[in-house]
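To start, the structure itself, in structure tokens.
Taken together, the values in this text are just the output of simple stated rules run on the coordinates, not laboratory data. Source: prediction; values computed, not measured. For neighbour counting, all protein chains shown are included, and Cβ atoms are generated from backbone atoms with ideal geometry for every residue, glycine included.
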Amino acid sequence: MDTLTDIVRNVVALVLIFSCLELFLPAGELARFVRLACGLILLALIIIPAGEALSNFSWDWHFSRDSDQVSADYEEAANRITLILEGAAMDEYEREASREIASIALLADGIDTADAVVETDPESGAYIRVEITAGKNAETEAITAEAQIKDLLTRFFGIDKDIVYIEIREGG
């Protein structure tokens, strides 16, 4: 409490001194710099003793064992929620990748319909397996369409051709 009294007394004294000093200063550039210096001195006068007082303050919190259990329960719940959200995000990623891969498969000559299923590594998100079911028109050769789809997937997604499995059916 003595520290607070000292701070208030010093601030009031300096404000009075700075007010009198400001009356004797000419208006202009010099007055702005003197006001800035006075403000910085006042700020230091408040912060330094307050910081010293707080550094000696002891923050003793006595937690019970129940609070440790509550903390552990929150952490466990947070981990469960994280796993659920990661799984949902990975499912969404696979659905979106399947949709994009099916769209790319439709770019192949003679392919009228395409569906894709993608399996990814849960840790890295890398493609493990890509299955495509495509419908071709009567004039298109299945082998040519399959090779073209694999080339498109390699070019657009960098997918290894060995993990792409394509079933081509006659008619859309």
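May I ask you to list, by number, the DSSP H helices of the chain whose Cα span along the axis is at least 18 Å and whose average Kyte-Doolittle hydropathy reaches 0.5 or more? Span-like helices here: 2-24, 29-55. For the stretch 29-172, averaging the sequence separation of C-alpha pairs within contact (under 8 Å, six or more residues apart) and dividing by the residue count gives a relative contact order of 18 percent. Taking other residues whose beta carbon is less than 9 angstrom from the beta carbon of Val117, and scoring Lys, Arg as +1 and Asp, Glu as -1, yields -3. With loop membership from DSSP and a limit of 13 other Cβ atoms within 10 Å, the longest segment of the chain without GluC sites (Glu not before Pro) is 1-122. Compactness of the stretch 44-172 was expressed as the Cα radius of gyration divided by 2.2 N^0.38 Å, which yields 2.03. The chymotrypsin sites (Phe, Trp or Tyr not before Pro) of the stretch 1-57 that DSSP puts in a loop, and whose beta carbon has at most 13 other beta carbons within 10 Å, are Phe57. Size check on the stretch 75-132: the Cα extents along the three principal axes, sorted descending, read 54, 16, 11 Å.
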